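Values in this text are rule-based calculations from the coordinates and carry no lab data. Quick caveat, the model's predicted, so the values are computed rather than measured. Here the Cβ positions follow ideal geometry from the backbone for every residue, glycine too, while neighbour counts run over all protein chains shown.
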Amino acid sequence: MKSFIVAPAPHVHGNDSVRRNMLLVILALMPAYCVSVYEFGWGALITAAISVCACVLTEWLISRYLLKEQKQTIGDLSAVLTGLLLAFNLPSNIEWWIVLIGAIVAIGVGKMSFGGLGQNPFNPALVGRVFLLISFPVQMTTWPIGKGFETSYLDAETGATPLYYLKHIVKSGDSSVLDQLPALKDAFFGFMGGSLGEISALALIIGGIILICCRVITWHIPVSIIATVALFAACTGWAGALPEGMTTCNYIGYELLSGGLMLGAFFMATDYVTSPMTAWGKIIFGIGIGFIMMVIRTWGAYPEGMSFAILIMNACVPLLNKFRPQRFGEKRK
Amino acid sequence: MRTFKIGGVHPQDNKQFSAHQPITECPLPKQAIIPLVQHIGAPTQAVVKEGDKVKVGELLAKAGGFVSANICSPVSGTVTKIGEWTDAWGAPGQAIFIDVQGDEWLPEIDRTPDIIRQCTLEPKAIIDKIAAAGIVGLGGACFPTHVKLLPPPGKKAEVLIVNGVECEPYLTCDHQLMLEHGEELIIGIQILKKALGVDRAIIGIENNKKDAIEHMTKLANASLGIEVMPLKLRYPQGGEKQLIDACIGRQVPSGALPIEVGAVVDNVATIYAVYEAVQKNKPLISRVMTVTGKHVAKPGNYSVRFGTPIEEVIALAGGVPANTGKIIGGGPMMGRAMDHVEGMPANKRLSGLLFLSQEESIRPEEENCIRCGKCVQACPMGLEPYLLQRLNELGMYDELEKHDVMDCIDCGCCVYTCPAHRRLLDGIRPGKAKVGAILRERAANK
């Protein structure tokens, strides 16, 4: 009697895989990366290369020699993605060894110490970034002015980002620095200072739409973050906190287009492992991030609060997972 | 175009292998093996004994309770043995073995190809005839049909929903049945409407069977109170609750039967059996089976008498392909992989045989859960498969119950969609069984 393979149903599988999802996110980051290379030249290339290589190497070393795993997981590309996202969150002219430290902390502390992919409560790239921000505050907050490949890697001319001025304007009501802000149009296309990958809102939105269309992420997190930020900014305007020469609409525009908002909303907050599982959980998660970020941007010590906001909400994910999906046949009260 | 509202996946339908293959009669076997349990509910009791001569259509085993179904003889010949038998999955059971002699039918069965349109029977008489014929739901669940036609007191059926969805990939038997026996199906639907006392019937057909939609629409337009509803392609649309949601936009509550929202659902194959039983006095003794797979020589739709060893059906389709890894009874999403084919007969439960090659049979290796939530998005019942699997692993059955594990319909969408290839159902099924046992125990203690 010939025996055949016995296994429980289902006997077919969709073509989705961890690797495919990671690859799609990496591809969706490419438009933004092209803008950074155009703006920052060698700095963008070198920083990303160091970060990606260091992340992959750290994961491999830890998994091979510390955890003594039989099977290596670097093939799932998640370490490559972490490396790329970390680079996107750094100034393009930062020293190579700082990038290296960031990558080791991101993968080593942020991810592998919890047991690798799927186990970490916090977004590894942001763990790396915030570690660097606290350890190297000067290097992490001086941003080069983009001049393409004419920008030299280390001695680039630096300048403050729009968020710095924005905070100054809102806090002190001083309208004299208004002309330091880039035109909204330039902020939208990415012709302004900032971290390596965060400058072009347009490129990031294109990437985000690719992810939503390919069903890698859902709309819930990005839309709820962006809507919350817009609403918060509008309230600031309506409350009369803006100086002469800055309209509410303009202010909303600057808040949305500058800093790490678009990068965070589409690529960092949507990290599978550290975001909630259900639609309602995701929406509340997004609202929380938008709100905390605006609180930090408005009153906090740092001009930018996206990283902190995401990390704080990461900690709330187990709680947010208590929001059940709507059951079939269940009536909502 | 309508569909159900929560979850679902979109597997490749792979129906091209056997689609539009005309229904072919499978020759009679030398020996027929008739399992005594071919439905959900109480087992049947044999009413024949060894040495008895039986004719086609004669009662072999009678229903063992209200929720049970008669088994009539699909062949004529001598009963040689009533006893132990093991199915293709290794589960033991009882079966009647008949040595086939000739093909002698009971005289009251109408074997002519004429279509009989008139039905003057009262609802009660129709239901009795359906019960006597041993008809069960041929869509897969095998729930006795006459039970569905007798709603519990206080409940009233409003609409009959006809399941022509055939959402399982590969299977084409229902599709072919609609194309070849559409007229009989319309008569069967009218009979069931009369039995239920409803004036509306909806035939739900998925959009990948455009010719069937067209054909049935034409026939339905010539009849009263039947409409065809084309549905957007989406698995598991053939699930009873999903189909009701898709067709009439009502959701059956957790733990309730379709009658709760005024619906009764029957599969097209079941309705064809009803037509034959009521109009031609022919009990349920055969069904159309799809034999298919990428490497099958002659994939097709075969009309097979119950009791026929499936080896003979496979031989008709060109034999077991050389590189076969899995043989699945049913479709690839919910069908069960057989250990062997020897000694396994066609029966009411078996809607098809699917041959998967060695490569197609290997389950992808499991990786860490990346908590993407795609299983939650895919679950058509709105459950959290990742959590249910984990809770079962931890043995937290109270929590499993609280998270509605009993609502799981085993459709496999979560496993199909998981990017980390996690075998969620392998954990959810035992959890469901355990919680089911706890619930039964609790009810017994009350």
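So the values come out like this:
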read-out	value
Diffusion constant of the range B:223-351 at 25 °C, which comes from Stokes-Einstein with the Kirkwood Cα-pair radius and 0.890 mPa s, µm²/s	142 µm²/s
Within straight-line cross-link reach of A:LYS71, lysines at Cα separation under 18 Å, skipping those fewer than 8 residues along the same chain	A:LYS111
Reach of A:LYS167 by Cα under 25 Å, taken over lysines that are not fewer than 8 positions away in the same chain	A:LYS185
Anchor B:LYS326: aspartates and glutamates whose Cα lies under 12 Å away (excluding residues fewer than 8 positions away in-chain)	B:ASP339, B:GLU359, B:GLU360
Cα centre as origin, Lys/Arg/Asp/Glu Cβ charges: the protein assembly as shown dipole, Debye	1420 debye
Degrees between helix A:42-61 axis and first principal axis of chain A (Cα, 0 to 90, nearest 10)	30 degrees
Those residues of the range B:190-204 whose amide nitrogen sits under 20 Å from the label point placed on B:ASP114, 7 Å along Cα→Cβ	B:191
Binned Cα-Cα distance frequencies in the range B:316-446 - 5 Å width, integer %	2, 10, 16, 17, 16, 14, 12, 8, 4, 1, 0, 0
Rounded to whole Å, sorted largest first: equivalent-ellipsoid semi-axes of the range B:69-129, Cα gyration tensor	32, 18, 11
The range B:1-156 - convex hull of the alpha-carbon atoms, volume per residue in Å³	229 Å³
Over the range B:374-445, volume per residue of the alpha carbon convex hull, in Å³	72 Å³
Cα-based Kirkwood hydrodynamic radius, chain B, one decimal, Å	22.6 Å
Cα-based helix-to-principal-axis angle, A:220-238 vs chain A, degrees rounded to 10	20 degrees
The range A:160-320 - Debye-derived log10 I(q)/I(0), Cα point model, q = 0.17 Å⁻¹	-0.96
The range B:220-288-the range B:364-417 distance, computed between alpha-carbon centres (Å)	28 Å
C-alpha center-to-center spacing [the range A:206-270, the range A:92-133] in angstrom	25 Å
Estimated D of the range A:1-60 in µm² per second, where Rh is the Kirkwood radius over Cα pairs and Stokes-Einstein applies at 37 °C, 0.692 mPa s	214 µm²/s
Relative counts (whole %) of C-alpha pair distances in the protein assembly as shown, using bins that are 10 Å wide	3, 12, 20, 19, 15, 12, 10, 6, 3, 1, 0
Rounded to 10°, Cα long-axis angle of helix A:162-172 versus longest principal axis of chain A	60 degrees
Value of Rg to Rh for the range B:222-261 (Rh from inverse mean 1/r over Cα pairs, i.e. Kirkwood)	1.03
Kirkwood estimate for chain A, i.e. one over the average of 1/r between Cα atoms, Å	20.7 Å
Extent along principal axes [Cα atoms of the range A:18-140; Å; largest to smallest]	42, 33, 22
Compactness of the range B:110-280 as Cα Rg over 2.2 N^0.38 Å, two decimals	0.95
B:ALA141/B:SER223 FRET efficiency (R0 30 Å; Cβ-Cβ; nearest 0.05)	0.65
Unsatisfied cross-links (Cα-Cα over 18 Å) in the set B:LYS129/B:LYS194; B:LYS209/B:LYS232; A:LYS322/B:LYS402; B:LYS62/B:LYS193; B:LYS15/B:LYS348; B:LYS5/B:LYS241	B:LYS62/B:LYS193; B:LYS15/B:LYS348
